Amino acid sequence: MVQEIDILVEQREIKTKGYLKQMRQKGYIPAIVYGVKIKPVNLWVRYKILNDLITKISSIEGTVFNLKLKDKEYPAIIKEIQKDPVTDKPIHVDFQVISLKEKIEVKVPIKLVGEETVLKLTGGMIDFPVREVKIKCMPKDIPAYIELDVSNLKIGQAITVKDIPQEKFTILESPDTIIVHILSKKVEEVAPVETAATVQEPEVIARGKKEKEVEVSTGGSEKSTEKK
């Protein structure tokens, strides 16, 4: 999907961590650009610009922008956005300059339609494990999203990658990858678990015990008696 949207960037010099922190506090995010007919260049991009794009565009990594650096302009895609694991805010961006005449690989989201219908007819629930896929196509043919109609699915049925029409793009995921399927809400009955264990008294085996008593006679000889 080619957009007439400009992204203004500034060249960045590699300096100390303290300088990097200061720039972040001023609202800048470190970035890099590489790709067709350009050597890798370290950049700054304003956080507000990037955040606005993330908010407004459903497929930011599947969109071609006009990257403006100094007095030059490049068709580019956002190849990767690294995010803080705690705040989920972007902390670094990779831009890739592309050729509008060559196929590229991008990620695009999956959009479902007909959810209400399938839930009403089946009484089941929708499992949607894959929400975006990587595709390869010409920049002008990048879709904003791939739409899947699930209204005719029944419980146990699924849509896989190989079920998706791919006229203007090729999906690079495995053909058998399940995108969405319908599950039953019924839960198998589980045998009740005993709350208290039955305590079994240990079997006692009585054994005869022989006791030996020794009597000493007046004559000094010993007599042995046994009791059973």
Over the alpha carbons of the stretch 127-192, what is the largest minus smallest coordinate on each principal axis, giving the biggest first in Å? 59, 21, 17
Amide H proximity to residue 111 below 5 Å, modelled H, separation 5+ or other chain, gives 146, 147, 148
Calculated diffusion of the stretch 2-100, Stokes-Einstein form, Kirkwood radius summed over Cα pairs, 20 °C and 1.002 mPa s, µm²/s: 155
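Which order do 63, 177 fall in if you start with the one that has the fewest other Cβ atoms within 10 Å? Can you show the working numbers first?
Working: 63 21, 177 13.
Ordered by Cβ neighbours within 10 Å, fewest first: 177, 63.
Note down the magnitude of the dipole of the stretch 107-183 about its Cα centre, charges +1 on Lys and Arg C-beta and -1 on Asp and Glu C-beta and zero elsewhere, to the nearest 20 debye.
Details: 10 positive and 11 negative charges, 40 e Å.
For the stretch 107-183, the charge dipole is close to 200 debye.
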At q = 0.12, 0.15, 0.20, 0.25 Å⁻¹, work out log10 I(q)/I(0) for the stretch 92-174 with the Debye formula, treating every Cα as an identical point scatterer and leaving solvent out; two decimals please. -0.44, -0.63, -0.93, -1.25
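Kindly put 181, 92 in sequence by how many other C-beta atoms sit within 10 Å of each C-beta, fewest to most. Spell out each step's value before the answer.
Working: 181 18, 92 14.
Fewest-to-most ranking of 181, 92: 92, 181.
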Order of 147, 116 under a 10 Å beta carbon neighbour criterion, fewest first: 116, 147
Rounded Å value of the spacing that divides the Cα centres of the stretch 58-92 and the stretch 116-137: 28
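Readers should treat all values here as calculations from the given coordinates under stated rules, not as data from a laboratory. Only a predicted model underlies this, so the values are computations on that prediction, with no experimental measurement involved. Neighbour counts run over all protein chains shown; Cβ positions are idealised from the backbone, glycine included.
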